[in-house]
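For reference, the structure is listed below as structure tokens.
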Amino acid sequence: MNHEQVPEHFTQQVLDTLQLDACRQAQALLDEHAHNLLPLLHAELIRQHLENCSDCRALHTAIVMLNARLPALQSLRVPQGFTASVMQRTVLQEVTRRHEQKPRRFVAWLMRPRFALESAYAMTVIVMLFSDLTGVNAFDTFDPALWERARPRFPESAMTFEHLSTQLSEQAEQQTEKMTTKYDDTARAIESWTREKYTAFREQYTALMR
Amino acid sequence: MNWEPFSVRSVYNNRTTNFTLEGATIDIEQLLQACRRHEPLAWEAFVRLYQHRLYALSFGYLRNTAEAEELAQEAFVHVFRNLHQFSGHAAGLEPWLFAITRHCCIDRQRHNKARLPSAANSVSNGTDDEWPEHDELLDAGATPEQTLATKQDQNMLYRALQETSEETRDLILLKDIQGLKIEEVANILGLPVGTVKSKCHRAKIELAKVLLRLGAENDLRDSVQGANS
């Protein structure tokens, strides 16, 4: 290609692009250059670029200035009475917290794991009292109508809680006895069934071995 | 109740370690434990130790002294309320404090934007009057001209910071101004360390460009004013 045929604006564009690229590369390293963290070769290249490029030079000066001035903004003197205001607000916060503590303590007591166990235990006891699980239905045994009918037959002195409790315990014993008998029957049935099965198995085994 | 400022020297002068407050050395671990027990003197020492930095951080986000003061106080109340949840060592305390302050500031900014859509613009176009009056950064031995120049420079920095993106502001405030490590900033922002490292670099370039633009605008304004006068 003949160099004379290349338009002048094209050459300028290429030079501009190269310059822009050089500036971009230089700017990426300016901060490290300002902190003297670059290797010697890179630092020399940046220095040469800064000598020729006024934009990057200005940017470098601004970065050096920033590095020097920014740490000075780390703390500002607080206005008069700042500490006192913070202390007052904190005290107020503390007072509010103490007021709020009561319900929170109650909620925390409710939320503790032991409470779940205790409530489960209490529920079990209540369910057992109302059901026939124990064999004693403490509340169903007391029939007010029956009581009214039976009352004239007994002298006044006999109508005591002691008398009632004796009656209740007798009933409880009967119920328990019934249940035990039931369980005994079942156990006996299982035992005899097992014995039969075992005897049959043994006979078969003996026949096979022969 | 009287909460007049007092010297903590008498309370903490037997402690051995690395923090100094009003001439007294304070063991930050012991101070933390005392704060967790809600001891008022310890809490006051804690507030005095970090109030300037939390105030500076909230001012960096909001650029309004009144709001920054309120937000820094709010951050301290949050810290007090949640101090028992902080189980780390003293080294992790500053990032935790800055994270709380940042959250408070971001919440306030969102609230302001929702309430007054023009509030964000009014902050970014703030005037020199919003600069804190009690500025301990200024050199006591400096001449009035030097003081004014430093003040103007710092105001320019804050203005430039307000014109950058929120992410850039986060990175500059936490890393370059408050001096947190890359890992700590990454932890606060919830970003990978490598991402934060590259973003920090880009943030500084962005801030430098804004600063140059503002400087050029100021020069132009000065030259116009000079020509008019």
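Go through B:214, B:189, B:180 for me and flag whichever is under 22 Å from residue B:63 (Cα atoms), within 14 Å of another protein chain (Cβ to nearest Cβ) and modelled with pLDDT of 90 or more. It would help to see each step written out before you state the result.
On the way: B:214 fails: modelled with pLDDT of 90 or more; B:189 fails: within 14 Å of another protein chain (Cβ to nearest Cβ).
Only one candidate qualifies: B:180.
Which number in (1) of a type in the set (A, V, I, L, M, F, W, C); (2) at pLDDT 75 or above; (3) buried (at least 20 other Cβ atoms within 10 Å of the Cβ) marks the one condition that residue B:91 misses?
If we test residue B:91 against (1) of a type in the set (A, V, I, L, M, F, W, C); (2) at pLDDT 75 or above; (3) buried (at least 20 other Cβ atoms within 10 Å of the Cβ), just (3) comes out false.
Let's see how each residue does on (1) buried (at least 17 other Cβ atoms within 10 Å of the Cβ); (2) more than 9 Å from every other protein chain (Cβ to nearest Cβ); (3) part of a helix (DSSP H, G or I):
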| residue | (1), (2), (3) |
| --- | --- |
| A:32 | no, no, yes |
| A:38 | yes, yes, no |
| A:46 | yes, yes, yes |
| A:88 | no, no, yes |
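Got at least one residue in the stretch B:133-152 being modelled with pLDDT of 65 or more, of a type in the set (D, E, K, R) and surrounded by 12 or more Cβ atoms within 10 Å (Cβ to Cβ)? Spell out how you get there, then give the answer.
Initial filter on the stretch B:133-152 (modelled with pLDDT of 65 or more): B:143-152.
This time we only want the ones that are of a type in the set (D, E, K, R), so: B:145, B:151.
Filter once more, so that each one left must be surrounded by 12 or more Cβ atoms within 10 Å (Cβ to Cβ): B:151.
Checked the stretch B:133-152: at least one residue is modelled with pLDDT of 65 or more, of a type in the set (D, E, K, R) and surrounded by 12 or more Cβ atoms within 10 Å (Cβ to Cβ).
Here is a yes/no grid of residues against (1) at pLDDT below 85; (2) within 26 Å of residue B:111 (Cβ to Cβ); (3) out of contact with any helix residue (DSSP H, G or I) (no Cβ under 7 Å at 6 or more places or on another chain):
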residue: B:15; (1), (2), (3): yes, no, no
residue: B:33; (1), (2), (3): no, no, yes
residue: B:45; (1), (2), (3): no, no, no
residue: B:99; (1), (2), (3): no, yes, no
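The values are calculated or read from the model by the stated rules, or taken from the named source; none is laboratory data. The shown structure was predicted, so the numbers you read here are calculated from the model rather than taken from an experiment. Positions of Cβ are backbone-derived with ideal geometry, glycine not excepted, and every protein chain shown enters the neighbour counts.
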